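Below: one structure, written as structure tokens.
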Amino acid sequence: QVQLVESGGGLVQAGDSLRLSCAASGRTFSNYRLGWFRQAPGKEREFVAAIGWSGDNTHYADSVKGRFTISRDNAKNTVYLQMTSMKPEDTAVYYCAADSGLIPVATPGGYDYWGQGTQVTVSS
């Protein structure tokens, strides 16, 4: 079992930056692929970013490419999502996810473990 706890959400203005963190506990964190997803009201959960076990292999949704950066610190069992140039359409509950696969994937079904989510609201 892996337990994930997100933090860092909040209310920001368009153009601002925000960093989300997700702390993991349980099994060997470094062996897991990690992802960030988000879900806006009335919409399906969508992929944001993912990172492989080594941190060198990353994948982003087109909507956030160039603005968001995913990274991981295996020594701290933490994955981060640095968000810059934020837009109102980034407003959503953000979830981190983990799975024992090594290669980052963009589908929710590729992850077994999920955090409880953190709210991010971007005002215009």
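Multiplying the residue separation of Ala106 and Asn31 by 0.36 nm and removing their Cα-Cα distance gives an extension gain of 25.2 nm.
With K and R counted +1 and D and E -1, the other residues having a Cβ less than 15 Å from that of Ala40 yield a net charge of 0.
Size check on segment 32-85: the Cα extents along the three principal axes, sorted descending, read 37, 20, 16 Å. Extension gain for the segment Gln3 to Ser71, taken as residue separation times 0.36 nm less the Cα-Cα distance, is 22.6 nm to one decimal. Taking Cβ atoms as reference points and 9 Å as the exclusive limit, the residues near Gly110 contribute a net charge of -1, counting Lys and Arg as +1 and Asp and Glu as -1.
Working note: Debye formula, equal point scatterers on the alpha-carbon atoms of the chain, no solvent; log10 I(q)/I(0) at q = 0.10 Å⁻¹ is -0.26. A Stokes-Einstein calculation at 4 °C with viscosity 1.567 mPa s, built on the Kirkwood radius of segment 78-118 over Cα pairs, returns a diffusion coefficient of 108 µm²/s.
Lysines near Lys65 by alpha-carbon distance under 19 Å, same-chain residues fewer than 8 away left out - which ones? Lys65 reaches Lys87.
So how much slack lies between Ser124 and Arg45, counting 0.36 nm per residue of separation and subtracting their Cα-Cα distance, in nm? Show your work: numbers first, answer last.
Working: separation 79, 0.36 × 79 = 28.44 nm, distance 2.25 nm.
Extra length available between Ser124 and Arg45 comes to 26.2 nm.
Within the chain, antiparallel bridges make up roughly 90 percent of the DSSP beta bridges whose residues both belong there. Relative to one another, the C-alpha centroids of segment 94-124 and segment 1-79 are positioned 6 Å apart.
Any read-out appearing in this document is the output of simple, stated calculations on the displayed coordinates, not a laboratory observation. Fair warning: this is a prediction, and the values are worked out from it, not measured in the lab. Neighbour counts run over all protein chains shown; Cβ positions are idealised from the backbone, glycine included.
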